[in-house]
1. Scanning for something within 32 Å of the chain's Cα centre (by Cα), under 30 Å from residue 221 (Cα atoms), crowded, with 22+ Cβ neighbours inside 10 Å and at pLDDT below 90, does the stretch 323-330 turn up at least one residue?
2. Report those helices (runs of 4 or more DSSP H) wholly inside the stretch 189-295 carrying at least 2 residues which are under 30 Å from residue 177 (Cβ atoms).
3. Of (1) farther than 22 Å from residue 336 by Cβ; (2) surrounded by 12 or more Cβ atoms within 10 Å (Cβ to Cβ); (3) free of Cβ contacts under 8 Å to residues at least 40 places away in the same chain, residue 100 satisfies all except one. Which?
4. Would you call residue 258 under 30 Å from residue 1 (Cα atoms), surrounded by fewer than 14 Cβ atoms within 10 Å (Cβ to Cβ), under 20 Å from the mean Cα position of the chain (by Cα) and touching a residue at least 40 places away in the same chain (Cβ under 8 Å)?
5. Taking residue 167, is it in a helix (DSSP H, G or I) and modelled with pLDDT of 80 or more?
6. All but one of (1) surrounded by 13 or more Cβ atoms within 10 Å (Cβ to Cβ); (2) free of Cβ contacts under 8 Å to residues at least 40 places away in the same chain hold for residue 118; which doesn't?
7. May I ask you to list the residues in the stretch 175-207 that are loosely packed, with under 13 Cβ neighbours inside 10 Å and at pLDDT 85 or above?
């Protein structure tokens, strides 16, 4: 297997197959809060810094301070001692519940979009390599919306189980230790504290290593599931078998991708700095677009709340739309990385599948 040939081919597909960019945008938005892409990390860091440096209007800043003070008093002193009328407090609670439900629904939609896009990109690249046929975005969504996308979610959930179990164990252990100490049923010595810290760090180290390995295997689990139409269990077995039989090629490509990830992390920082003027333009566009729903929401919330609370909640509701538009150039960079990475692993899977046939063709025929 030639990693350089795979990277060149993936680069060519990225720039010649523009329909993949749409699904890359969905992947970049869906995985913005997860680990992985260096571009995503760099983008979040830059966004946070810019938000901190950007001065707020005086009236809005004063309103935010008043809102924060009232919330602190609400949690510290109780609802009876806060200058928020009971009607407004009830309306605020219902609005918070509605916002939570909207975020949950939005999260479900984004998750569906992620796995549909993962399936679409894998199948579109495989079809392009097999028949040299480029699908449209509509056809991509059609082949992405399938049982395979649901199976990708289940495979990803299984891979995330070690980290989830670790967090639950640490949470329950911490709560148990806290109540034991509070009740006087547990006393710590220097040795027990050191031993407990050592066990915790050992567990974290083991889970981190296991998670890295499982995320490497996930590339093959997903492609076996999508391209061979197997169930979750069969995909896990088949994917593990492919990696085990070709561990040298897989390890080589993994090291290459780690190196590219480091390079991309440096390049993405440079690109983020270079594209700041473009982001300034999209930021202004986002303000103009987001102003309409903000005003509508403020007008609606003003029927139940004071002006300060109405403005704060109106802005909070529209923030996801605002950030998506304002930092869309950086999201586009993340989409290119997502498409390129997925294409590389799809081509790697195809190369590994073709290796037995190549070896058989190269074997001399016995006389």
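1. So in the stretch 323-330, the residues within 32 Å of the chain's Cα centre (by Cα) come out as 323-330.
Going one step further and asking which of them are under 30 Å from residue 221 (Cα atoms), we end up with 330.
With the extra rule that they be crowded, with 22+ Cβ neighbours inside 10 Å, the set shrinks to 330.
Within this subset, residues satisfying the condition of being at pLDDT below 90 are 330.
Yes - at least one qualifying residue is present in the stretch 323-330.
2. Details: elements: 190-228, 232-245, 247-274.
Of the helices (runs of 4 or more DSSP H) lying wholly inside the stretch 189-295, those with at least 2 residues that are under 30 Å from residue 177 (Cβ atoms) span 190-228.
3. (2)
4. Working: under 30 Å from residue 1 (Cα atoms): yes; surrounded by fewer than 14 Cβ atoms within 10 Å (Cβ to Cβ): yes; under 20 Å from the mean Cα position of the chain (by Cα): yes; touching a residue at least 40 places away in the same chain (Cβ under 8 Å): no.
Criteria not met by residue 258.
5. Working: in a helix (DSSP H, G or I): yes; modelled with pLDDT of 80 or more: yes.
Judged against the criteria, residue 167 is a match.
6. With respect to (1) surrounded by 13 or more Cβ atoms within 10 Å (Cβ to Cβ); (2) free of Cβ contacts under 8 Å to residues at least 40 places away in the same chain, residue 118 is out only on (2).
7. 201, 202, 205, 206
The values are calculated or read from the model by the stated rules, or taken from the named source; none is laboratory data. Everything numeric here is computed off the predicted structure, so don't read it as measured data. Positions of Cβ are backbone-derived with ideal geometry, glycine not excepted, and every protein chain shown enters the neighbour counts.
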